[in-house]
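One structure below.
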Amino acid sequence: MHILIIGNGISGVTAARQIRKLSDHEITIISGEADHFFSRTALMYVFMGHMRFEDTKPYEDDFWAKNRINLVNNYVDEVIPGQKQVRFQDGTTLEYDKLILAVGSKSNKFGWPGQDLDGVHGLYHKQDLEAMERHSEGLKKAVIVGGGLIGIEMAEMFHSRHIPVTFLVREDSFWNMVLPPEESQMVTREILENGIDLRLSTELKEIWGERSGKVKMALASDGDKIECGFVGLTAGVSPNIDFLRFSDIDIDRGILVNQKLQTNQPDIYAIGDCAQLRSPQKDRRPIEAIWYTGRMMGETVAYNICGHEINYDPGIWFNSAKFFDIEYQVYGDVPAMLPENYNTLYWEHPGGKKSIRLNYHKEDGHILGFNLMGVRFRHEVCEKWLAEKTPIETVLQDLKLANFDPEFYRQYEDDVLALYNNMTGSTLHSRQKRKLASVLNFLGRA
Amino acid sequence: MSAKSNRKNPIQILGIILFSAALITFTVALGMSGFKLDKEVLKAQVNNEYQYNFIEPYLDNLGSTEYPNSFKFMAAYAESLHSAQADILKDVETNLGLTTSDGEYWNTILKDDKIKSMKFAVAKASSIGPIREHRNTLAWLSFGLGILGAFLYILPKLRESSGIKNNHIYHSPLHSKGWLGITVGIYLVGFYVLLYFFPEHMVNWVLLVDPISTFLNGGAASQWFLYGFLYTICILVMGVRMIVKYRHNKYQIIRTGSVMFFQTSFAFLIPEIMALLNKPAVDLKNMWPLDYSFFFDYRLDKLTESGGLGLFLLFWGIALFTIGVPFITYFFGKRWYCSWVCGCGGLAETLGDPYRQLSDKRMKAWKIERWMIHSVLVFAVVMTIAVLYSYLPESGSLITKDRFIWTALALLIGATVWIFQQYKKKNGMPKTAFYVAAAVSVALFVIALLNGIVFSSSNVLYLDAYQLRSWYGFGIGAAFSGVVGVGFYPFMGNRVWCRFGCPLAAYLGLVQRFKSRFRITTNGGQCISCGNCSTYCEMGIDVRAYAQRGQDIVRSSCVGCGVCSAVCPRGVLRLENGPEVDERATEERAIHIDLEGVRLLD
Ligand SMILES: Cc1cc2nc3c(=O)[nH]c(=O)nc-3n(C[C@H](O)[C@H](O)[C@H](O)COP(=O)(O)OP(=O)(O)OC[C@H]3O[C@@H](n4cnc5c(N)ncnc54)[C@H](O)[C@@H]3O)c2cc1C
Ligand code: SF4
Ligand code: SF4
């Protein structure tokens, strides 16, 4: 059986690796972006000089041959389900028995006038990084549009090159459609402290170019005209599915898939950023364009193809990011706007760069989510508490089990507990230490 | 200034200028003297009336000419002494009538070794000119100004926000094998070549630190004093840099403080003070087999002659590696030594920190590493046993040659079998380097035994213990640990020696791998495979390979520097001691699928 995978990102590559573990099928991965799998999440570190591009590749180049995974560097123009074929840009074709679409995302462009000028770029593909590199030489000013995770990364990238950045953000506080107000404020402060010209409640109107076609100026919704040599479009991403428009594969915003990650066409699956679940789990979005879900989908599809039928189950939500010097982790349900029946316990370090938030249910008091800024928590411990709907007071008393900061770091669990006692008049005491033995014991693995 | 570098404020620029000026002064000082023989010192060095009588006629030129540099001077010196050597030989053979089979013959001739060993003292005494007149000024201009410049560069970084600051490392010609890195590498290699092989050409540097030496231990400086002094300064100044860089990370602050402390006190000051008190000057934290000469005859003699203190030191040195290593490593991993205490590690973690990203992460490098480091361990063990064997008496003492060799053999076989079992328990049949390394060491011992017992030779392995130990001293002790170990920082990263050559690291690593509570825990599924951890692992461990599968990391080479954990942008890694390592280190755990009956193979 020949399994063809379009896309060598985390989802496609995970699928290939797992299929190889489970079977002897022939596997081919196609990508027009790069010869080998690299970590998209590390593109910023290449630009900033923390790493070389080759350091972003999680596997050595001979890994693929060793694992009998064929690689093709080419763009697919068309998928022809009826003939079980894909057709490449250059007209050649390749047959498959099973096809996995793992084609990822592309940067959003909302039809702004001038969005295709030279010097206007998103940050998603390797080619975007190369474009940023090209345009950075002698660049006097960059305008970044869209306050999400990629936008702030781009701001940090230009900042590292001492290029002044104007950052247009539609919301009135950074990323506040995801982060609760306090955390959003903290990140907003961090952006300002780094000398970024952050313009909140401001959108891009249009981009003007020179006669040569090069970008010259950005017009913001507040009427300000910002002279610039680069405009970064980072207002989100969307599935990269234009080439499938005329195939018979069902498409909405993404490629529609069922719980087994199958499309409407036989033997065609879709995973990762490009997949849209027809019926997502409760509290989850149909398209989740993040690394971890791509990896889990890759695993799931491998099992399904290799004869172990299994439903996609992303488990309990988690994510992480870094905003300049502030690390961020989230486990479970921490919405931006606190729902009616949620309580929240928010502790912030006086320095204003660390915080711990615990959400719990108003009536029955069980834990609902953790939000950490500048503090590291243990994934498995938080997950277990969340899965078992552990009462908030139990969590608080055992909170040290979750601490994952390096040794000798000051711990703040007692402060969080004291805050809770203060708020509620309880007299709870911490009853665990952050010892690995206790953690493993708690996880049932001692 | 290029956009691809960090902004420097005027104070930092001044710092760079002062530091460069100091480095230039220091370098130029090497040539700031002429050389004219100091006959008295030569005479004292020769310390043999008979030989000196033959030498003296050749000293006319040497004693009256001022040579412009040490190379010309040493050439003339060699010529004179070799002429005298020939005359002596002729006299010994014709007039005294001695032949090579007479013991007296060997005591009377002038040996090459002696000519060589006198070079340093003679050159040092014969250096004349500006270096002596302006010694203190030059010392201040080199060391004082250098330190000042370094601090002016380092300390202003305190004004930036704290956090991981690795911007432009791969844009910098110093940190990515560019022209500046190559220059620094050549300079360091040059320094070590002079230090180990041609100290007579660095006497001017040694003269600069004479006053400091006299102040500390009452005596004039040797090249080793200069080395210790510079080494300590590097660890202190660059230690401050490390602390400034990682000031948000308490593990790094404490760990760096620890290496600074151990270097300054244990490695530098305490031995000097012991020397001042006329006691054996030992570095109490250095241990066999890194301290490969611990069991050499002259050191054992010195210790056994020094009464109670000597015996204590002997006991201490043995306890360190027989009891200290297994126990402490069991509880904390090899980091307790390699990145908290050790001098080589201390230099790597401070002076070498800017080069950590240059270590080779490829599987191939790991393979070579395992072969090399375990071979060096075998070499060190065999060499030491041979040396001890020839040192010990045949009989009449508690520890005789026979008893020693049998015990050593039993211990080695026991240890080898134990490692095999542990390895088998964890990984199945062993197939890696120590399979061979262990087999080789056993084979060597069988030969040794046959040789020692059947042919009752005093040598182990047919090899002359002295030959063996001089090979080791030259190849491993000097060329590898010094010239390559530090000189190659800018080419192969800061732990070349620790990774490929240190026999103690190999030994600690075996304990860490098979019987230790230390591991790096991976935080569930949080890894985004970005590669920062692997890039900044100085030991060339592909940390990401484990982290992205949710596996805990247990690697014999990990020195527990904690930098992978520090640079991870997603909070994935934590150095921990806990219950003994279990399947968390071998299972693929990033999986969020729990299928009854499906077991993941790896
Ligand atoms: C700068 C940046 C930072 C990020 N940081 C994080 C983070 O911190 N945490 C997180 O969870 N997520 C992060 N993400 C998101 C994460 O990287 C994506 O969710 C993930 O890479 C998606 O993986 P994928 O396998 O679905 O698709 P992709 O990685 O996009 O792979 C798809 C591949 O298919 C190729 N392809 C597409 N169409 C064709 C075709 N027709 N023919 C041939 N090849 C084709 C593409 O060129 C691409 O190489 C980040 C993304 C970016 C851009
Ligand atoms: S694995 Fe981490 S702690 Fe160990 S040596 Fe490498 S960087 Fe240091
Ligand atoms: S462990 Fe951290 S630093 Fe290493 S690859 Fe994963 S996310 Fe990156």
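The values are calculated or read from the model by the stated rules, or taken from the named source; none is laboratory data. Keep in mind it's a predicted model, so treat the numbers as computed, not measured. Note: ideal-geometry Cβ built from the backbone for every residue, glycine included; neighbour counts use all protein chains shown. Just the protein is used for accessible areas: all its heavy atoms, side chains included, with ligands, DNA and RNA removed. Shrake-Rupley method; radii C 1.70, N 1.55, O 1.52, S 1.80 Å.
Listed residues B:Gly524, B:Gly485, B:Gly540, B:Gly550; which is on the phi > 0 side of the Ramachandran plot and under 21 Å from the mean Cα position of the chain (by Cα)?
One residue alone meets the criteria, B:Gly540.
Mind listing whichever residues of the range B:195-209 are closer than 27 Å to B:Phe151 by Cβ and open to solvent by 20 Å² or more (accessible area, probe 1.4 Å)?
Within the range B:195-209, none qualify.
Would you be able to tell me the number of residues in the range A:306-331 that are within 16 Å of ligand 1 (Cβ to nearest atom) and either touching a strand residue (DSSP E or B) at 6+ places or on another chain (Cβ under 6 Å) or more than 9 Å from chain B (Cβ to nearest Cβ) (or both)?
Taking the range A:306-331 first, the residues within 16 Å of ligand 1 (Cβ to nearest atom) are A:312, A:314-331.
Applying the additional criterion that residues be either touching a strand residue (DSSP E or B) at 6+ places or on another chain (Cβ under 6 Å) or more than 9 Å from chain B (Cβ to nearest Cβ) (or both) yields A:312, A:316-321, A:323, A:326, A:328-331.
Counting residues in the range A:306-331 that are within 16 Å of ligand 1 (Cβ to nearest atom) and either touching a strand residue (DSSP E or B) at 6+ places or on another chain (Cβ under 6 Å) or more than 9 Å from chain B (Cβ to nearest Cβ) (or both) gives 13.
How many residues are near ligand 2 (Cβ under 10 Å from one of its atoms) and either open to solvent by 10 Å² or more (accessible area, probe 1.4 Å) or in contact (Cβ under 8 Å) with a residue 60 or more places away in the chain (or both) when one looks only at the range B:538-553?
Residues meeting the conditions: 6.
Any residue at all in the range B:157-166 that's within 14 Å of chain A (Cβ to nearest Cβ), surrounded by fewer than 16 Cβ atoms within 10 Å (Cβ to Cβ) and touching a residue at least 24 places away in the same chain (Cβ under 8 Å)?
yes
Just give me the residues in the range B:528-549 being more than 9 Å from every other protein chain (Cβ to nearest Cβ) and within 16 Å of ligand 1 (Cβ to nearest atom), in sequence order.
Matches in the range B:528-549: B:Cys533, B:Ala547.
Scan the range B:91-103 for residues that are exposed (fewer than 11 other Cβ atoms within 10 Å of the Cβ) and assigned to a helix (DSSP H, G or I) and jot them down.
Correct list: B:Thr94, B:Asn95, B:Gly103.
State all residues of the range B:140-156 that are open to solvent by less than 70 Å² (accessible area, probe 1.4 Å) and over 23 Å from A:Asn194 (Cβ atoms); if no residue qualifies, say none.
Scanning the range B:140-156 gives B:Ser142, B:Phe143, B:Gly144, B:Leu145, B:Gly146, B:Ile147, B:Gly149, B:Ala150, B:Phe151, B:Leu152.
Considering only the range B:487-537, give the helices (runs of 4 or more DSSP H) lying wholly within it that have at least 3 residues that are open to solvent by 10 Å² or more (accessible area, probe 1.4 Å). Give the steps one after another, and end with the answer.
Values: elements: B:489-492, B:503-514, B:532-535.
Per the criteria, B:503-514.
Scan the range A:425-441 and report the pairs whose first residue is assigned by TED's automatic domain parsing to the domain that holds A:Glu407 and whose second residue is of a type in the set (Lys, Arg) and assigned to a loop (DSSP other than H, G, I, E, B), with Cβ atoms within less than 8 Å and a gap of 6+ or a chain change.
Qualifying pairs under 8 Å: A:Val439/A:Arg378.
From the list A:Leu22, A:Leu4, A:Leu43, which one is surrounded by 24 or more Cβ atoms within 10 Å (Cβ to Cβ) and more than 16 Å from ligand 3 (Cβ to nearest atom)?
Just one listed residue meets the conditions, A:Leu4.
Scan the range A:292-311 and report the pairs whose first residue is over 11 Å from A:Ala270 (Cα atoms) and whose second residue is in a helix (DSSP H, G or I) and of a type outside the set (A, V, I, L, M, F, W, C), with Cβ atoms within less than 7 Å and a gap of 6+ or a chain change.
A:Arg295/A:Ser11; A:Arg295/A:Thr14; A:Glu299/A:Thr14; A:Glu299/A:Gln18; A:Ala302/A:Gln18; A:Ile310/A:Thr300; A:Ile310/A:Tyr303; A:Ile310/A:Asn304
Give me the pairs: first residue in the range B:217-238 and part of a helix (DSSP H, G or I), second residue of a type in the set (Ser, Thr, Tyr) and buried (at least 20 other Cβ atoms within 10 Å of the Cβ), beta-carbon distance under 6 Å, and six or more apart or on different chains, which are they?
As it stands, the answer is B:Phe225/B:Ser213; B:Ile235/B:Thr350; B:Met238/B:Thr350, since those pairs meet every condition given.
Tally the residues that are assigned to a loop (DSSP other than H, G, I, E, B), open to solvent by 60 Å² or more (accessible area, probe 1.4 Å) and out of contact with any helix residue (DSSP H, G or I) (no Cβ under 8 Å at 6 or more places or on another chain), restricting the search to the range B:10-62.
Within the range B:10-62, residues that are assigned to a loop (DSSP other than H, G, I, E, B), open to solvent by 60 Å² or more (accessible area, probe 1.4 Å) and out of contact with any helix residue (DSSP H, G or I) (no Cβ under 8 Å at 6 or more places or on another chain) number 1.
Considering only residues that are within 14 Å of chain B (Cβ to nearest Cβ) and open to solvent by less than 40 Å² (accessible area, probe 1.4 Å), which ones fall in the range A:410-433?
A:Tyr412
Between a first residue in the range A:362-379 that is closer than 17 Å to A:Lys322 by Cβ and touching a residue at least 24 places away in the same chain (Cβ under 8 Å) and a second residue that is outside any strand (DSSP E or B) and of a type in the set (Lys, Arg), which pairs have beta carbons less than 7 Å apart while being 6 or more apart in sequence or on different chains?
What qualifies is A:Met373/A:Lys354; A:Gly374/A:Lys353; A:Gly374/A:Lys354; A:Val375/A:Lys354.
Just to be sure before I move on: is A:Asp97 surrounded by fewer than 19 Cβ atoms within 10 Å (Cβ to Cβ) and over 21 Å from A:Ser23 (Cβ atoms) in the structure I sent? Outline the logic, then answer.
On the way: surrounded by fewer than 19 Cβ atoms within 10 Å (Cβ to Cβ): yes; over 21 Å from A:Ser23 (Cβ atoms): no.
In short, no.
Just to be sure I understand, how many residues within the range A:22-52 are facing another protein chain (nearest Cβ under 10 Å) and free of Cβ contacts under 8 Å to residues at least 60 places away in the same chain?
Within the range A:22-52, residues that are facing another protein chain (nearest Cβ under 10 Å) and free of Cβ contacts under 8 Å to residues at least 60 places away in the same chain number 7.
Which ones in the range B:359-381 are closer than 29 Å to B:Ala408 by Cβ and among the aliphatic types (A, V, I, L, M)? Outline the logic, then answer.
Of the range B:359-381, the ones closer than 29 Å to B:Ala408 by Cβ are B:368-381.
Those that are closer than 29 Å to B:Ala408 by Cβ and among the aliphatic types (A, V, I, L, M): B:Ile368, B:Met372, B:Ile373, B:Val376, B:Leu377, B:Val378, B:Ala380, B:Val381.
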